[in-house]
1. Based solely on its DSSP helices, what 222 nm [θ] is calculated for the chain when runs of n ≥ 4 H residues each add -39,500 (n - 2.57) and the sum is averaged over all residues, nearest 500 deg cm²/dmol?
2. Along region 106-121, what does the Karplus equation 6.51 cos²θ - 1.76 cosθ + 1.60 (θ = phi - 60°) give for ³J(HN,Hα), rounded to whole Hz, x for Gly and Pro?
3. Treating the beta-carbon of each Lys and Arg as +1 and of each Asp and Glu as -1, no other charges, what is the dipole magnitude of the chain about its Cα centre, to the nearest 20 debye?
4. What is the local net charge at H129, summed over the other residues whose Cβ is closer than 12 Å to its Cβ (Lys, Arg +1; Asp, Glu -1)?
5. Could you give the length gained by full extension between A106 and A4, i.e. 0.36 nm per residue of separation minus their alpha carbon distance, to one decimal place?
6. Which value in nm describes the separation of the simple spin-label points at K86 and A67, placed 7 Å from the Cα toward the beta carbon?
7. Can you check how the C-alpha radius of gyration of region 5-204 compares to 2.2 N^0.38 Å, as a plain ratio?
Amino acid sequence: MLPAPQDLVRQITALHGETVVHWHTNPPDNRYNGLLGVVCQQHQFNYLLWHEEDIARSPDVSDRRIAAVKRSIDRYNQQRNDWIEKFDESLIDLLAAEGILPREAARLNTETPGSATDRLSIMALRIYHFVEQFEREGAGEAHRAKVQERLDRCRLQHADLSQALAELLDDIWSGRKVLKVYRQMKMYNDPTLNPHLYRSQRIAG
């Protein structure tokens, strides 16, 4: 059964917020099943990607460590995008199971529910870390004021995007909009399409 759009968005945003807190004191895991299990896995790749990005910008790590981090970032980013597509695929499967088809005049949207959910995931991470910065020991009033302004803006954007996603899902559930999976088709990870990869393989052979 298709969940009510507002309920599904509330479940997604609650998952994002709760797991970000949990994962900062525990190894990242996925305790969810079904559609929320897909959401959690996609969110986990964003979490891992976020913290690798922090390491990549540190001036205190070696070039070898930076190279390893860059490869991790590339891998996590690919997985993040793969699971955006898996979320949209899961919604299409649910729609098919319910026999829901788009109307004849159904319109497309500029982004899919998977893409919007990815943005909410990143926003949950951003909000967590802004709160962490606001509460940082020794932070001055100017720092806290700057962080508070950005935190307020993030929370507003999160609320707006949550509402927009619920409205998009409602349009899709009712057949007013069409849901398609838009493949990322990234070329840099494909050894047959990235010149640096297929040339190096030819040289090695």
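Values quoted throughout were computed directly from the atomic coordinates according to the rules given, and no laboratory measurement underlies them. Values in this document were obtained by computation on a predicted structure and should not be read as measured data. Cβ atoms come from the backbone with ideal geometry, glycine included; neighbour counts cover every protein chain shown.
1. Computed ellipticity for the chain at 222 nm equals -24500 deg cm²/dmol.
2. 4, 9, 8, 10, 6, 9, 8, x, x, 5, 5, 5, 4, 5, 5, 4
3. So the dipole magnitude of the chain works out to roughly 700 debye.
4. -1
5. 34.7 nm
6. Between K86 and A67, the label points sit 3.0 nm apart.
7. Numbers: Rg = 19.6 Å, N = 200, 2.2 N^0.38 = 16.5 Å.
The reported ratio for this selection is 1.19.
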